Amino acid sequence: MGSLSGTVALVTGASSGIGEAAALSLAARGAAVALAARRADRLDALADRIRAGGGVALAVEADVTDRAEAAAAVQRTVAELGRLDTLVNNAGVMLLGPVVDAPVEEWQRMISVNVMGLMYCAHAALPHLLAAAADGPRKVADMVNVSSVAGRVARNGSGVYNATKHAVGAFSEALRQEVTGRYVRVSLVEPGAVETELAGHNRPEILDTIRQRFADMERLQADDIADTITYIVTRPRHVAVNELLVRPTQQQA
């Protein structure tokens, strides 16, 4: 894969899972990496790990559902690391269950994080990504929006999660059309079942159902999706990977 030396990446949801793995992968390719999430202790530990490997890292405690905090995370990245070439919009939450008698607060949380948080970060980052594409070392910039197979396939029991991830897909494609002529690439990554903390926030009865569904499946690892993200952003300037669906080999739907 190509070098990202001289570039700066901001990764949201960087305190664990795909975000943590993506930050490590991008740093290994030479990018300076800003790490955004709510759990400051985990961000500090990850930043120390990147620095110990010779990389540059900045921990930014932020809740992307707060528009001001999302914008401040972008501004701090640019102020302290000098620019912004890559945004990995990874922060997300998955709260499954039937629509009938659902706790509506779970819906509100998913929409706040998966849709509005992603849009807030995108909005704040776009001027800097456009500037990087115009005069940066690679003459191209990237926004990678992490969706899900749930953004393609609706399933009984995940209706609102499906809705949020379909929204991410629609937003990403419209934005891609808007800015691709200016060499800002907008890419959608749709992971299938990945072994991360994502499912752990569900109610116990829902978590049991999820565990049963994937009990005999060799799930993807966070590094698998980080590798996918790194592949996308290291393509030559004239190559844009618009969308990648990545499932475990055993996952049928």
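The values are calculated or read from the model by the stated rules, or taken from the named source; none is laboratory data. Keep in mind the model is a prediction, meaning the values are calculated, not measured. Note that we place each Cβ from the backbone using ideal geometry, even for glycine, and neighbour counts take in every protein chain shown.
Within the range 218-250, the residues that satisfy the criterion of being surrounded by 16 or more Cβ atoms within 10 Å (Cβ to Cβ) and at pLDDT below 95 are R219, L220.
Scanning the range 164-189 for residues being small (G, A, S) and over 17 Å from the mean Cα position of the chain (by Cα) gives a total of 2. When the range 75-110 is filtered for residues that are among the β-branched types (V, I, T) and within 14 Å of A37 (Cβ to Cβ), the ones remaining, listed by number, are T77, V88, V93. Please verify whether T180 is more than 18 Å from V11 (Cα to Cα) and crowded, with 20+ Cβ neighbours inside 10 Å, treating the condition exactly as stated. No: the conditions fail for T180. Which residue is farthest from the chain's Cα centre (by Cα), if the candidates are limited to the range 90-105 and must be modelled with pLDDT of 95 or more and surrounded by 20 or more Cβ atoms within 10 Å (Cβ to Cβ)? Step by step, filter the range 90-105, then rank; the result is G92.
Suppose the filter is surrounded by 15 or more Cβ atoms within 10 Å (Cβ to Cβ), more than 19 Å from V233 (Cβ to Cβ) and within 16 Å of the chain's Cα centre (by Cα); does D85 pass it? Answer is no for this residue. Scanning the range 183-207 for residues that are part of a helix (DSSP H, G or I) and surrounded by 13 or more Cβ atoms within 10 Å (Cβ to Cβ) yields L198, A199, H201, I206, L207. Select from the range 84-118 the residues that are assigned to a helix (DSSP H, G or I) and among the small types (G, A, S) and write down the one among them that is farthest from N202 (Cα to Cα). This residue is G117.
Residues in the range 29-83 that are part of a helix (DSSP H, G or I) and of a type in the set (K, R): R42, R49, R51, R67, R76.
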